[in-house]
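One structure is given here, and the rest of the page talks about it.
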Amino acid sequence: MSTESLQHTPLHALHLELGARMVPFAGYDMPVQYPLGVMKEHLHSREQAGLFDVSHMGQIRLTGANAAKALEALVPVDIIDLPVGMQRYAMFTNPQGGILDDLMVANLGDDQLFLVVNAACKDQDLAHLRAHLGDQCTVEPLFEQRALLALQGPAAVTVLARLAPGVATMTFMQFAAVSIDGSDCYVSRSGYTGEDGFEISVPAERAEALARRLLAEPEVAAIGLGARDSLRLEAGLCLYGHDMNSETTPIEASLLWAISKARRSDGARAGGFPGAEVIFAQQRDGIARKRVGLLPQERTPVREGAEVVDAEGKVVGSVCSGGFGPTLGAPVAMAYVDTAHSALDGDLWAVVRGKRVAVKVSKMPFVVQRYYRG
């Protein structure tokens, strides 16, 4: 895709002003890093507060008395009983049990739900919602109207509370309408780094002013996609299109925790979502492969696509995400491997440029998650 055909977020000019190195991502011209560099950006987010532009993500509002019930028919998650002012992780599934996308769903109250979907999937997600829910509720894309900022790290609450004191009492996955520096925002205490932090939906025309205001705080640095990827990898979080896709089920992706108890085979509202019987059968009978963490035993980074082999050299899986973990000071990876080889601390090897690199199956996350639960 040519640079001229790429879309821009409302912060594009600010990224250039800050000296960002821009790359194509999900159809947008996005900052992969700033002059600070990926390593220092990563560590800054773990130690203080990083500001991420995630305005390329798709924000969608559902409105109507039947919105929650209608959305439940597309996701294996309890939406009907989602409390007002709370947010939940969800997945769109297909009839084969595969994952079409993962998303966040918040209950705004007044028969309104607020969704955030992945940038590369947002047009197909919008079409999916309209095709299945269009006659039951209003499906309103906010792609152009609102920007999305993520403020992540242990100092995030201190910084944001200077502008909006009420956010200090929010806990993980709470969601609220908040006025920040004169802007009508939606704020969730959540993020994609494993750290405490917030995601802030702001009117597009107010995004640059808010970003500048946050960056003026001494604890805050601008962070690009490079560090965003290494932060989420250390946190053991999936990236759609890499660690899960339409041919991967939630059970294979080690996301059983995200299927609400009410929607499981023995739940109060069991099934009723696409692929439910496939997913329930896998939960009951087991699976042939699953997503696991890998810790390379050498300094060599193990990248996406690398084959994973056993002691005899037989291919037993492949790496879906991998790189260097700056917090750990060592490489980390995630892979899909045969279930027979998925036991914790098991010894395997990744093939990197024809050379076998020893890896050990590891629990995830690789770093301690520090979400604020009150």
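The values are calculated or read from the model by the stated rules, or taken from the named source; none is laboratory data. Predicted model, so just to flag it, every value in this text is computed and none were measured. Please note: Cβ atoms are built from the backbone with ideal geometry, for glycine as well, and neighbour counts cover all protein chains shown. Areas reflect the complete protein model, heavy atoms only, side chains present, ligands, DNA and RNA absent. Shrake-Rupley method; radii C 1.70, N 1.55, O 1.52, S 1.80 Å.
Remarks
- ALA155 meets each of the listed conditions (1) within 22 Å of ALA204 (Cβ to Cβ); (2) open to solvent by less than 30 Å² (accessible area, probe 1.4 Å) apart from (1).
- Subset of the range 255-269 (residues that are buried (at least 21 other Cβ atoms within 10 Å of the Cβ) and within 17 Å of the chain's Cα centre (by Cα)): ILE259
- For the range 276-289, the candidate set comprises residues that are open to solvent by 10 Å² or more (accessible area, probe 1.4 Å) and out of contact with any Asp or Glu (no Cβ under 9 Å at 6 or more places or on another chain); within that set, the residue that is nearest to GLY98 (Cα to Cα) is VAL278.
- ASP285 fulfils the conditions (1) within 23 Å of the chain's Cα centre (by Cα); (2) free of Cβ contacts under 8 Å to residues at least 60 places away in the same chain except for a single criterion, (1).
- When GLY272, GLY325 are checked against the criterion of being touching a strand residue (DSSP E or B) at 6+ places or on another chain (Cβ under 8 Å) and either acidic (Asp, Glu) or under 22 Å from LEU255 (Cβ atoms) (or both), a single residue qualifies: GLY325.
- Residue count for the range 166-194 satisfying the condition of being open to solvent by 10 Å² or more (accessible area, probe 1.4 Å), without any contact (Cβ under 8 Å) to a residue 60 or more places away in the chain and part of a strand (DSSP E or B): 3.
- With a requirement of 3 or more residues that are among the β-branched types (Val, Ile, Thr), the strands (runs of 3 or more DSSP E) lying completely within the range 308-364 that satisfy it span 315-325, 355-362.
- Residue among ALA270, ALA253 that alone is modelled with pLDDT of 95 or more, among the small types (Gly, Ala, Ser) and under 18 Å from VAL337 (Cβ atoms): ALA253
- Check on TYR372, in contact with an Asp or Glu (Cβ under 8 Å, 6 or more places away or on another chain), closer than 30 Å to VAL157 by Cα and either open to solvent by 70 Å² or more (accessible area, probe 1.4 Å) or not small (Gly, Ala, Ser) (or both): yes
- Being farther than 26 Å from LEU103 by Cβ and open to solvent by less than 40 Å² (accessible area, probe 1.4 Å) is a description that does not apply to ALA216.
- The listed residue being in contact (Cβ under 8 Å) with a residue 12 or more places away in the chain, under 21 Å from the mean Cα position of the chain (by Cα), under 23 Å from SER254 (Cβ atoms) and surrounded by fewer than 23 Cβ atoms within 10 Å (Cβ to Cβ), out of MET104, MET91: MET104
- Out of LYS40, LYS69, sole residue that is more than 16 Å from the chain's Cα centre (by Cα), within 25 Å of ARG264 (Cβ to Cβ) and basic (Lys, Arg): LYS69
- Selection within the range 1-13 - at pLDDT 95 or above and surrounded by fewer than 19 Cβ atoms within 10 Å (Cβ to Cβ): LEU6, GLN7, HIS8, ALA13
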